[in-house]
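Structure first, commentary second.
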Amino acid sequence: MDRVDEMVKLILSKAQEMTGSPFTLEGGPELELTFPGNSRGLSAFSAEEGQPTQFLIQQLGRMHRVFRDFAINPTAVALIRQIIGSKSTRFSSLN
């Protein structure tokens with residue numbers, strides 16, 4: 001659980017760095033988040049114009065070793081293979 005707590009802390013910290021808003025697991029962002037009106041991302045297609053509903057934190061494996069270790073953890077890999085099939089498991093992205 002200590003490693004999971006460490007991953008959560010790192011993700012929340014990265015989310016704040018990316019958006020300028022602190023986050024909590026319970027309440028999400030503490031500040032109102034908006035995308036610029038000229039954004040070319042997903043918000044450009046949102047009916048809510050500029051109101052983000054999600055964002056990506058990419059390349060977690062490069063962000064900290066704890067994510068890389070989790071991705072190759074034998075227990076985690078066994079659970080993934082059980083859910084999606086043993087021949088379907090690929091580590092094709094660092095997200």
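Kindly rank 22-31, 67-76 from highest to lowest mean number of other beta carbons found within 10 Å of each residue. Write out the running numbers ahead of the final one.
Details: 22-31: 10.8, 67-76: 12.9.
Ranking the peptides 22-31, 67-76 by packing returns 67-76, 22-31.
What list do you get for Ser21, Ser86 if you sort them by fewest beta carbons within 10 Å? Intermediate results must be reported in sequence, preceding the final value.
Values: Ser21 13, Ser86 10.
Listed from fewest to most nearby Cβ atoms, that is Ser86, Ser21.
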Using a 7 Å offset from Cα along Cα-Cβ at Gln54, what residues in the range 14-28 end up with backbone N under 17 Å from the label point? 15, 28
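Taken together, the values in this text are just the output of simple stated rules run on the coordinates, not laboratory data. The structure presented is a predicted model; accordingly, all values stated were derived computationally and were not measured. All Cβ positions, even for glycine, are placed from backbone atoms using ideal geometry, and neighbour counts span all protein chains on display.
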